[in-house]
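What follows draws every value from the coordinates through simple rules; no lab data is involved. These numbers come from a predicted model, not from an experiment. Quick reminder, even Gly has a Cβ in these numbers, built from the backbone with ideal geometry, and neighbours come from all protein chains shown.
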Amino acid sequence: MTNKKIYLHFSKNVDDYDTVADKVVMKNDELHEMLVNSIPFSSNKKLQILDLGCGTGHGMKLILKKFPNAQVVGIDFSHKMIIRCKTNLQQFSNRVRLIETNFNEATFDSGYDAIISAIAIHNATHHQKKSLFEKIFKSLNKKGVFINGDFVEGETELINEEYRKIYKKYMEKHLKGHELETWLHHAFNEDMPMSLSGQFSLLKKAGFSNIELKWQYNNVAVYIAQK
């Protein structure tokens, strides 16, 4: 199964994602900053936030700093990532809960003001994306928001091919040897990005409204959808 391959990639092949993230995600810091800055609530508001595919806690740390009254739940299927995340967020331990599970298989609590995800949902099949968006919608409060920063496919095959060429050159510039081969294989054989129009269609069917693209750079984008 593709999901098993992805699990093995992040659990076995990736020794330290923090050191490689900027090499495999174009404008990684900018994407995370845009995602956090798109959360449409005042900084002092008490918030319940869920992070799907929290990884090592990069996005969670930005949220916890910007929103000092927020409680954040992070989900990730990699034990290695959860351990690193716990270490990285040690200073915020009283406001963080980490769950080691696959978000495609998990049952989410309700009552979230915002559900966010960064560079994670592209690992799900398109059918899983549909089910996931439906779960997210049900778990949000009224007027709650879903914000996703992720890899996307181009709207046409020509555009998509251009995305892939640019992205391949980017990784060849920043990675070498076996590491380069591993990530090229993951990106072009295991990842399952979906076009923005395809995702927006699924989000509308799930019940979301006011869907807006906030930022895009080549094959990575940030969008927001409101319940």
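Quick one: of Lys86/Lys138; Lys61/Lys168; Lys80/Lys205; Lys142/Lys205; Lys138/Lys205; Lys46/Lys205, which pairs are farther than 24 Å apart, Cα to Cα? Flagged as over cut-off: Lys86/Lys138; Lys61/Lys168; Lys80/Lys205; Lys46/Lys205.
Of the trypsin sites (Lys or Arg not before Pro) found in the range 117-191, those that fall in a DSSP loop while having at most 11 other beta-carbon atoms within 10 Å are Lys176. Dividing the mean sequence gap of close Cα pairs (under 8 Å, 6+ apart) by how many residues the chain holds gives a relative contact order of 22 percent. Counting neighbouring Cβ atoms within 10 Å and putting the fewest first, the residues Ser195, Ser42 line up as Ser42, Ser195. Could you please report the charge total around Lys204, scoring K, R as +1 and D, E as -1 over all other residues with beta-carbon less than 14 angstrom from its beta-carbon? In short, +2. Would you mind classifying the range 85-192 by shape? Square roots of the alpha carbon gyration tensor eigenvalues, ordered a ≥ b ≥ c; an a/c under 1.5 is rounded, otherwise it is prolate if a/b is larger than b/c and oblate if not. Oblate, since a/c reaches 1.5 and b/c is not below a/b.
How do Asp191, Asp29 line up, fewest other C-beta atoms within 10 Å first?
By the 10 Å Cβ count, ascending: Asp29, Asp191.
For the pair Asn189 and Lys214, the difference between a 0.36 nm per residue extended length and the Cα-Cα distance amounts to 6.2 nm.
Report the one residue of Ser42, Asn160, Phe200 whose Cα lies farthest in the direction of the positive end of the charge dipole of the chain (charges on C-beta: Lys and Arg +1, Asp and Glu -1; origin at the Cα centre). Working it through, the farthest residue towards the positive pole turns out to be Ser42.
Counting beta carbons within 10 Å around each of Met60, Met26 and listing the fewest first gives the order Met26, Met60.
The alpha carbon centroids of the range 85-111 and the range 157-178 are separated by 32 Å. Between Asn94, Asn69, Asn102, the residue with the greatest mean-square fluctuation in the GNM of the chain (Cα pairs under 10 Å linked by springs) is Asn94.
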